[in-house]
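Nothing in this text is a laboratory measurement; each read-out follows from the coordinates by a stated rule. For clarity, every value in this text was computed on a predicted model and none was experimentally measured. As a convention, Cβ positions derive from the backbone with ideal geometry for all residues, glycine included, and neighbour counts pool all protein chains shown.
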Amino acid sequence: MAGTSHRFSAPQRHAQGPQRKPDWLKTRLPQEGQFDEVRAILDNAGLSTVCRSARCPNQSECWGCRTATFLLMGSVCTRACRFCHVTTGKPEPLAADEPERLARAIAQLDLRYAVLTSVDRDDLPDGGADHFARCVEAIRHAAPEVKIEVLIPDFGGDTRALDRVAKAAPDVIGHNLETVERLTPFVRDARATYRRSLDVLARFRAHPAIRTKSSLMLGLGETDDEIIACFDDLIAAGASILTLGQYLQPSPFHLKVERFVSPDTFARLKEIALSRGFERVAAGPMVRSSYRAGALIDEPAPPGAPVNGTQNTNDRR
């Protein structure tokens, strides 16, 4: 049964806001001809990437770094977050051969860094955790030199599911906080709570070889103090990598933009995030969860940067 795209009336507190995009958000999409070979490989393997399906404006930059983000477990989500344009409905059964098809395609594409993400699959007993793990294991077998990042759902808070993903040993595990605590009930599906997301990230503190990562969308009505409180909550949960980007309304039926955050503000928030203890931060209007993911991991850490998201409290500013 195919799903249907969800529709929302935005909460009253988000009913008004600027909708004309400033110049810094105007960007050109990559030329179609640049990706013919990649498209052919993906189509032959029956795979989807977020890069293509979302027509991401960062596509050229990420592909240039030999990084791609793959969408697993279909394109229909069981949740209905008010910022997301993914179709909500009843998903199709899992494709049992997806891990092998994915691994072959990644080897053929000669990627250096692969990001695996998915829709929420609350219809599955483990939320799809075993499928994630099998994908990681298949890639390790077919292309052992590739670094792997997984951007996972919360799996309903099931610790056994989270441990199954960690056991597969991806290099990075990401789970997005998305927004500040006050706005979470208005922005995310009711099952995706702020504290559960922090608990998901904290679960991986038992695996120090795995870096943990999260992301915030700005422009939904949050304050700077609330953003900084998120920084501290994420550091306490063990997150060491952070991305900050501008929320953009995907349709007239989704939450409206409350403000367009300037590049200067993003730069200031990046410096604050680093001072609070993050090892790596990408921040800017066009930054998304997987923006230059491989390059972000490999770039030199700033002097005195913490390891694995921890920092001596005497050094925190």
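Miscellaneous remarks
- When region 138-263 is described by a simple charge dipole with +1 on each Lys and Arg Cβ and -1 on each Asp and Glu Cβ, the residue from ALA166, GLY245, LEU255 located farthest towards its positive end is ALA166.
- Taking 7 Å steps out from each Cα toward its Cβ at ARG182 and ASP225 produces label points 0.8 nm apart.
- Cross-link partners for LYS167 among the aspartates and glutamates, with Cα-Cα distance under 17 Å and sequence neighbours closer than 8 places in the same chain left out: ASP126, ASP130, GLU137, GLU149, ASP154, ASP158.
- Dipole size of region 216-279 about its Cα centre, with +1 on Lys/Arg Cβ and -1 on Asp/Glu Cβ: approximately 240 debye, rounded to the nearest 20.
- With a cut-off of 20 Å on the backbone N, the residues of region 134-156 near the modelled label site 7 Å out from ALA107 along Cα-Cβ are 134-149.
- D (Stokes-Einstein, µm²/s), Kirkwood Cα radius, region 176-291, 0.692 mPa s at 37 °C: 229 µm²/s
- Of the residues PHE83, ILE139, PRO99, the one whose Cα sits farthest toward the positive end of the charge dipole of region 83-153, with +1 on the Cβ of Lys and Arg and -1 on the Cβ of Asp and Glu, is ILE139.
- Over 28 Å between alpha carbons, listed pairs LYS21/LYS270; LYS90/LYS270; LYS21/LYS90: LYS90/LYS270; LYS21/LYS90
- Cα centre as origin, Lys/Arg/Asp/Glu Cβ charges: region 108-160 dipole, Debye: 280 debye
- Net length gained if the chain between ALA96 and ARG191 were fully extended (0.36 nm per residue, minus Cα distance): 31.5 nm
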